[in-house]
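Contents: one structure, followed by commentary.
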Amino acid sequence: MDEKKALQYALQREKEGHRFFSQHAEAAQHASVKAVFQRLAAEEQAHIRYVQALLDRCCGQASKSEPAVEHDSKFFSQRAISEMIEQTTAEAMVPDLPVLRMAFLIERDLEEFYRQAAKKATGSGRAALERLADWEAEHARLFQKLHDHFLEQYSGMAWGG
């Protein structure tokens with residue numbers, strides 16, 4: 001897959017991710033999950049702008065300089081994740097567990113795509129794809145931690161939640 005096709009594919013996946021997180025933010029049962037999904041929808045929107053700028057650059061429609069990076073790594077820090085978990089009541093999380101699992105799988109799959117595409121790319125294209133892979137890996141870790149924590153809590157509850 002050439003760089004242009006990889007970026008076109010990436011752009012579509014980022015748009016799907018944005019839709020997924022936006023829709024599930026509205027449907028989330030718990031306030032902290034809603035907040036995480038809203039934040040990830042905003043992150044995906046930033047990814048869309050970044051990938052579009054890379055695509056424009058690849059097609060000669062923009063300058064060859066690296067596009068601006070919009071990413072808040074503090075949101076995905078261990079401390080931030082721990083605080084999110086502490087502020088959440090396990091009983092309220094049960095309806096959101098499958099969605100958290102789906103979010104993890106989406107982010108992990110996109111990370112894998114970016115890593116594979118980066119292996120085949122060169123120069124600044126490779127660096128950009130690796131950056132995107134790193135961002136998706138942060139998202140995947142967040143969702144895996146949230147899912148695993150609440151699944152463990154739920155499995156220890158009395159039957160019936």
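Throughout, read-outs are computed from the coordinates displayed, never taken from laboratory work. All figures in this text were calculated on a predicted structure; none of them were measured in a lab. Methodologically, a virtual Cβ is constructed for each residue, glycine included, from the backbone with ideal geometry; neighbour enumeration extends over all protein chains shown.
Of the trypsin sites (Lys or Arg not before Pro) found in segment 12-64, the ones in coil according to DSSP and having at most 15 other Cβ atoms within 10 Å of their Cβ are Lys64. If you take all other residues with their beta carbon under 14 Å from the beta carbon of Ala140, and give Lys and Arg +1 and Asp and Glu -1, the sum is -4.
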